[in-house]
Every structure is written in C-alpha cells, then in structure tokens.
Amino acid sequence: MERHKALEIVKKQLTEHRYQHTLGVMETAIELARKYGVDEKKAELAAIFHDYAKFRPKEEMKQIILEQNMPNDLLSYNMELWHAPVGAYLVQREVGIQDEEVLNAIRYHTSGRANMTALEKVVYVADYIEPGRIFPGVEEVRELARHDLDEALIQALKNTIQFLMKKNQPIYPDTFYTYNAMVMNRKGGIET
Ligand SMILES: [Fe+2]
Ligand SMILES: [Fe+2]
C-alpha cells in the first residue's frame, strides 16, 4: 500500500495529536529499519497503522477481544493495552492488510512479547522515542537506539515497568516476558 493512501486511511481514525505522533513513529521506524536491516516498507506500514484502534469505544474493543478469542486476561489489565491486538484485527478486517509480520508488530506494540522479531522491536522502540515524545528517560533510549536496538528496547521496558510500579499499577505479564527474554538473550549473557 502506498504511504499516502495508508496515511489517508489512518488519519480518519485519529485525533490530530495522535496523527502527528503516528507520523513521528513512521519516520523513526523507517530510520531504525534502515539501520538494523529490517524491511523498511513493513516498518512503515506497521508504524502508520500501529494506533489504528486507539479511539475505538471501550465496549467495541471488549467485544472484539471476547469474540476473537484474544487473551482474556487483557480485560483485567489497563485498557490502554487493548488497542494493540484490537488494532491488528481491525487493520486486517477493515484495511485488508494480511501480512502477519506487520500485523504482529501492531499486535505487540504496547505489551511486547517474548522473542520479538526485529520488525516488532523497531515499531515498539519507534513508538517510544519518536520526536514528539517528551518524558523522563526518553533521551537515554534515543541514544541507545542509535547503536543497539536491543539495549534501547530493554531500557524502554525497564522505564515502563518502573513507571507502572511507581503508580501502583499492575504490569501485564507479556511485558515481563519480553523483559526477561531480552535480558536472558542479551549479548554476553546474564551476570551471575
Ligand atoms: Fe499504541
Ligand atoms: Fe503509538
């Protein structure tokens, strides 16, 4: 799908603020894909559609999670997580994107998952560091992303987990699984 066509479709689903964020994620994902040898077109497409379901009504998302047999435990956690798997489903159904790698990058862009593909990592990190993001710790992840995608992802996960803990929020298990898998597979192994 052409970029302008994809952007035209997604723009209708988003607020202006979220659309600007999407443009930032797209540019960043393309840069990271180029740097780390990931398919740039897939990174571009996944980035454009990653927040497609962000503004769907809560009830619609809940219904899709139940009807499509998505992990039920999602419903016990922050609804902020829901738009990612629901987005992958809707992008396939409504936009007609069938590429499983692209759909998975959308599906796991919020929770992560153990053993993420390079494309999934690119979209996750791009979502975290795009130029519009301003929060404590983002600059450190930006810097890491210039040299090491895995270290950038680990730092983003650490920040996210710590942020949620400080707010006494639960942490979705996939986020821990992602962190654990990344740290255990880290170059040089784990320190004992
Ligand atoms: Fe998102
Ligand atoms: Fe996003």
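See the values below:
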quantity	calculated
Failed criterion for residue 69 (all others in (1) surrounded by fewer than 20 Cβ atoms within 10 Å (Cβ to Cβ); (2) assigned to a helix (DSSP H, G or I) hold)	(2)
Scope the stretch 16-63; condition away from ligand 1 (no atom under 16 Å from the Cβ) and of a type in the set (Phe, Trp, Tyr); matching residues	36
Test: residue 88 is touching a residue at least 60 places away in the same chain (Cβ under 8 Å), among the small types (Gly, Ala, Ser), within 13 Å of ligand 1 (Cβ to nearest atom) and not in a loop (DSSP other than H, G, I, E, B)	no
Residues that are farther than 20 Å from residue 112 by Cβ and away from ligand 2 (no atom under 16 Å from the Cβ), drawn from the stretch 78-97	92, 93, 94, 95, 96, 97
The stretch 11-70, residues that are in contact with a helix residue (DSSP H, G or I) (Cβ under 7 Å, 6 or more places away or on another chain), away from ligand 2 (no atom under 16 Å from the Cβ) and either polar (S, T, N, Q) or on the phi > 0 side of the Ramachandran plot (or both)	68
Any pair with Cβ under 7 angstrom, 6 or more apart, that starts in the stretch 107-131 at a residue that is under 15 Å from residue 25 (Cα atoms) and ends at one that is within 12 Å of ligand 2 (Cβ to nearest atom) and assigned to a loop (DSSP other than H, G, I, E, B)	109/50; 123/50; 123/109; 124/109; 127/50; 127/109
Residue check for residue 56: modelled with pLDDT of 95 or more, within 14 Å of the chain's Cα centre (by Cα), closer than 22 Å to residue 172 by Cα and not hydroxyl-bearing (Ser, Thr, Tyr)	no
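Every residue, every condition in (1) more than 16 Å from ligand 1 (Cβ to nearest atom); (2) among the small types (Gly, Ala, Ser); (3) surrounded by fewer than 19 Cβ atoms within 10 Å (Cβ to Cβ); (4) part of a helix (DSSP H, G or I), yes or no:
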position: 128; (1), (2), (3), (4): no, no, no, yes
position: 135; (1), (2), (3), (4): no, no, yes, no
position: 156; (1), (2), (3), (4): no, yes, no, yes
position: 164; (1), (2), (3), (4): no, no, yes, yes
position: 171; (1), (2), (3), (4): yes, no, yes, no
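The values are calculated or read from the model by the stated rules, or taken from the named source; none is laboratory data. Bear in mind that the values here come from a model prediction, so they are computed numbers and not experimental data. For neighbour counting, all protein chains shown are included, and Cβ atoms are generated from backbone atoms with ideal geometry for every residue, glycine included.
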